[in-house]
Amino acid sequence: MKLGFIGAGEMGGSMIRGFFKAGLSKQNLFVSVRSAESAQKLSSEWGIRVSNDNVHVMQEAQYLFLAVKPSQMSAVLQELVQNGVAPKPIISMALGWTIEKIQQVVPNWPVVRIMPNTPLAIGKGVTLFEFSKEVSDSCKKDLLHLFEAVGCTAEVPGNIFDVATALSGSGPAFVYAFIDALAKAASSQGMDPKTATLLAVQTVIGAAYMVKQESISPAALAQKVSTPGGCTAAGMEVLMQSDFAQIISRVIEATAHKAAVVSKNM
Ligand SMILES: NC(=O)c1ccc[n+]([C@@H]2O[C@H](COP(=O)([O-])OP(=O)(O)OC[C@H]3O[C@@H](n4cnc5c(N)ncnc54)[C@H](OP(=O)(O)O)[C@@H]3O)[C@@H](O)[C@H]2O)c1
C-alpha cells in the first residue's frame, strides 16, 4: 500500500507518526510539504525523503492523503487536475470539505472524507469515515485496517459528520480542559499542581477504561460509585445542579454548528 501525503503538519504529522509506530514501512510513504525548512526537518526526524514536489507524491501514491489546511485545499486539488494525475482515492481530512465539494473539482474520483483526532499519534485515536460511492471495497478495507492500527474507526453518514466531528475531532480539547479544571480545583485547595495534574490524568484514564470494559452505562457507573449521603454524592449533586450535561450539550452544539458554517462558507 503506497501512501502519499500532501502536508504533514499537526494532523498529517500525527498520523504519519502513528502509522510508523504501528509498523508502516517507510519505503511506502511519499510526503511533500510547502516549505524547504519543514521538508528538511521532517526528513531528518523520520529518516525518509520529504520533498516540496507535490506532483511526484500525487503520481506515486496509491492512496493520496490531503493534510493541508482547508484554505489550501482548492490549490492542491487544482494541482492534481492541472498535472493530469490519474484518478485515485483521495483521503481528505479538511474541515468543511464535503465529498460533493471535492468532487466538484475532481468529478467521479473516489473520495474518502475522514476526521481524525490527534491521539492517533500514540495509537489511541478516533477516525471518522465517509466514503463516496466510487470507493472500492478493497480501498475501504485497506483504509479501515490502516486506521484501526492507530485507534478506532467509525463510518458516519454525511448528515451527522459535523456532530461526530464535534465529539471526537474536537473532543480531546474538551477532555484536556476537564483535566485542567480538575487539577486546578485541587491545587487551589493546597495540592501541589504537578501531583494534582498527575492524579487528574490517571483518574480520567482509569474511569475511561472502566466505561469501556464494564457492560453498564457511564451514568449507571457514576451512580454506582456515589453512595447516598457520601462524599462523591455531595460532589455529584453540585455537578448536576450546575447543569453539567446541559453545558456539554451546548459545547457540542456550538462546535458542530461552527463546522456546518465552515462547510457552507468554504
Ligand atoms: N490539527 C488538528 O487537530 C486537526 C484535527 C482534525 C482535522 N484536521 C485537519 O487536518 C488538516 C491539516 O491541519 P493541520 O492542523 O495539520 O495544519 P498545519 O499544521 O498547518 O499543517 C499543514 C501542512 O500542509 C503543508 N502545506 C501547506 N500548503 C501546502 C501546499 N500547497 N502543498 C504542500 N503542502 C502544503 C504545510 O507545510 P509547511 O509546514 O511547509 O507550511 C504543513 O505541513 C486541515 O484540513 C484540518 O482541518 C486537523
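Bear in mind that the values in this text are calculations on the coordinates, not laboratory data. As the structure is a prediction and not an experimental result, all values here were calculated from the model. In this analysis, Cβ positions are derived from the backbone assuming ideal geometry, glycine residues included, and neighbour counts consider all displayed protein chains.
Structure above, values below:
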item: Mean Cβ count within 10 Å, highest first, over the residues of peptides 202-210, 114-122; result: 114-122, 202-210
item: Counting all C-alpha pairs of the range 49-203, share separated by more than 25 Å (%); result: 41 percent
item: Label point distance in nm, Met210-Ala185, each placed 7 Å from Cα along Cα→Cβ; result: 1.5 nm
item: Packing-based exposure ordering (other Cβ within 10 Å, fewest first) of Val238, Val156, Val81; result: Val238, Val81, Val156
item: Cα-based Rg / Dmax (Å) for the range 93-185; result: 15.2, 53
item: Candidates Gln72, Gln59, Gln213, ranked by Gaussian network fluctuation over the chain, Cα under 10 Å, top entry; result: Gln213
item: Set Lys101/Lys124; Lys69/Lys101; Lys224/Lys258; Lys21/Lys141; Lys140/Lys258; Lys2/Lys124 screened for pairs whose C-alpha atoms are more than 25 Å apart; result: Lys101/Lys124; Lys224/Lys258; Lys140/Lys258
item: Neighbour-count ranking [beta-carbon atoms within 10 angstrom, fewest first] of Ser217, Ser51, Ser92; result: Ser217, Ser51, Ser92
item: Per-selection Kirkwood Rh - the range 113-253 (Cα, Å, 1 d.p.); result: 17.6 Å
item: For the range 171-263, Kirkwood radius (reciprocal of mean inverse C-alpha pair distance, Å); result: 15.2 Å
item: Cleavage-rule hits (GluC sites (Glu not before Pro)) in the range 137-214: DSSP loop, at most 13 neighbouring Cβ within 10 angstrom; result: Glu214
item: Among 101-112, 130-141, the order from most to least packed when residues are scored by Cβ within 10 Å on average; result: 101-112, 130-141
item: Inter-site label distance for Ala234 and Lys258 at 7 Å from Cα along Cβ, in nm; result: 3.7 nm
item: Cα-based helix-to-principal-axis angle, 73-82 vs the chain, degrees rounded to 10; result: 20 degrees
item: Cα centre as origin, Lys/Arg/Asp/Glu Cβ charges: the chain dipole, Debye; result: 320 debye
item: Where N is the number of residues in the chain, Cα Rg divided by 2.2 N^0.38 Å; result: 1.16
item: Net charge over other residues, Cβ less than 12 angstrom from the Cβ of Val262 (K, R count +1; D, E count -1); result: +3
